[in-house]
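One structure below.
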Amino acid sequence: MRHLMSPLDFTPEELEKLFDLANDIEKSPEKYAHKCDGRILATCFYEPSTRTRLSFESAMTRLGGRVIGFSDANSSSAAKGESVSDTIRVISCYADICAMRHPKEGAPMVAASRSLIPVINAGDGGHQHPTQTLTDLLTIRSLHGSLSGYTIGLCGDLKFGRTVHSLINALVRYENIKFVFISPTELKVPDYVTDMLKEKGIAYEEVIKLEDVIGDLDILYMTRVQKERFFNEEDYIRLKDFYILTPEKLSLAKDNMLILHPLPRVNEISVELDDDPRAAYFKQARYGVYVRMALILTLLGLA
Ligand code: CP
């Protein structure tokens, strides 16, 4: 039995197979419409979600399976004090696979250690969000043709943004990747990330102004400021609109730069850019369904 806790749980070769499968599902969905007949996915979401939960539900439904779960810790027995370990032992009696989101870092790992079914980390605190990373990698590979040789700018809340931490972890395994971290000083990427990059000899720079570097980028990964992880409302209000990607700023970028965003967007990309051919964030949400379909098939041994 296999779980997914981090994007590094799959080798680059396994990821290639997963992405090939996702692309085939996109091309020929009818081939996969009954692969999960009789199977059940449990979605255990202790934290709010639109994309991750509903794309998992869409993925399992499109595979012919069914979905049970909860979308709010207060409507589960966590509200009565049940531990994640006990919950997953019980869910193991009801479902064949589980996607879990939790505000506490490491909670899905605790669940995986007690589970009798595969557990997928659907986001744990500010730590990791591996299925978003699979979505991001599939989007880049599908739209740009490969996962090597890019200068990628990550912009916004690089301190609390778990999608950023997961994506960096995953991209360091590909050749000729250079990172440009664009954030206010208060929201810099954590030291453990830059220490890892130094150790691996991977190029990165840290800047504050997006306009100074946008022209160098092949991919711009925008993120929102993570309100729910701030201890202090005043700091959030001061930093929330630090970056807003506007048509004027985008005019400095390459014609084929890809704009990604894990979403939800708050204010950091002007809606005027949604029809720009470089804006790929809604396509990215669609790739999230295909890659989760491929992941469910793989973890259930049905690929
Ligand atoms: N990208 C993402 O994780 O979105 P949700 O929080 O809506 O699931």
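Dipole magnitude for the chain: computed about the Cα centre from +1 point charges on Lys and Arg Cβ and -1 point charges on Asp and Glu Cβ, it is near 940 debye. For the stretch 90-234, the relative contact order is 21 percent, taking Cα pairs closer than 8 Å that sit 6 or more residues apart in sequence and dividing their mean separation by the residue count. Averaged over residues, the count of other Cβ atoms within 10 Å places the peptides 246-255, 21-30 in the sequence 21-30, 246-255, highest first. Note on the chain: antiparallel DSSP beta bridges, both residues inside, total approximately 5 percent of the bridges counted. For residue 4, the residues whose modelled amide H falls within less than 5 Å of its own, excluding neighbours fewer than 5 places apart on the same chain, are 119, 120, 121. Annotation: aspartates and glutamates with alpha-carbon distance below 15 angstrom to residue 17 (same-chain offsets under eight excluded): 9, 26. Straight-line cross-link partners of residue 240 among the lysines, defined as a Cα under 30 Å from its Cα and at least 8 positions apart when in the same chain: 104, 159, 178, 188, 198, 209, 227, 249, 254, 283. With one equal scatterer per alpha carbon and no solvent term, the Debye-computed log10 I(q)/I(0) for the chain at 0.06, 0.08, 0.12 1/Å reads -0.19, -0.34, -0.79.
Can you tell me the accessible area per residue over the chain, all protein chains present, probe 1.4 angstrom, in square angstrom? Mind dumping the intermediate values first?
On the way: 13210 Å² over 303 residues.
Value for the chain: 44 Å² per residue.
Note on the stretch 131-284: with charges restricted to the Cβ of Lys and Arg (+1) and Asp and Glu (-1), its dipole about the Cα centre is near 480 debye. Between the residues 170, 225, 288, the greatest Cα displacement towards the positive end of the dipole of the chain, with unit charges on the Cβ of Lys, Arg, Asp and Glu, is found for 288.
Full extension of the chain between residue 232 and residue 27 gives 69.1 nm of extra length, using 0.36 nm per residue less the Cα-Cα distance. Here the stretch 131-284 was treated as a single set of alpha-carbon atoms; its pair distances binned every 10 Å from 0 give 11, 44, 37, 8, 0 percent.
Surface calculation, 1.4 Å probe, protein heavy atoms: residue 1 sits at approximately 140 Å² accessible. Solvent-accessible area assigned to carbon and sulfur over the chain amounts to 49 percent, based on a 1.4 Å probe.
Karplus-derived 3J(HN,Hα) values for the stretch 3-8, using 6.51 cos²θ - 1.76 cosθ + 1.60 with θ = phi - 60°, are 10, 10, 10, 9, x, 6 Hz; glycine and proline are entered as x. Result for the chain in a Gaussian network model with C-alpha springs under 10 Å: among 165, 34, 144, the largest mean-square fluctuation is at 34.
Report the relative contact order of the chain, percent, no decimals, based on alpha-carbon pairs under 8 angstrom and at least 6 residues apart. Mind dumping the intermediate values first?
On the way: 557 pairs, mean separation 60.0, N = 303.
About 20 percent, as a whole number.
Run the helix sum for the chain: -39,500 (n - 2.57) per DSSP H stretch of 4+ residues, divided by residue count, reported at 222 nm to the nearest 500 deg cm²/dmol. Mean residue ellipticity at 222 nm (helix-derived): -11500 deg cm²/dmol. Result for the chain in a Gaussian network model with C-alpha springs under 10 Å: among 88, 219, 177, the largest mean-square fluctuation is at 177.
Residue 265 contributes about 60 Å² of solvent-accessible surface, heavy atoms of the protein only, 1.4 Å probe.
Of 198, 240, 80, the order by accessible heavy-atom surface (1.4 Å probe, DNA, RNA and ligands excluded), from most exposed downward, is 80, 198, 240. In the calculated pair-distance distribution of the stretch 201-274, the portion above 19 angstrom amounts to 41 percent of the Cα-Cα pairs. Taken along the Cα-to-beta-carbon direction at a fixed 7 Å, the label points for residue 209 and residue 174 span 3.0 nm.
The values are calculated or read from the model by the stated rules, or taken from the named source; none is laboratory data. Just so it is clear, the structure is predicted and the values come from calculations on it, not from any experiment. Quick reminder, even Gly has a Cβ in these numbers, built from the backbone with ideal geometry, and neighbours come from all protein chains shown. Just the protein is used for accessible areas: all its heavy atoms, side chains included, with ligands, DNA and RNA removed. Shrake-Rupley method; radii C 1.70, N 1.55, O 1.52, S 1.80 Å.
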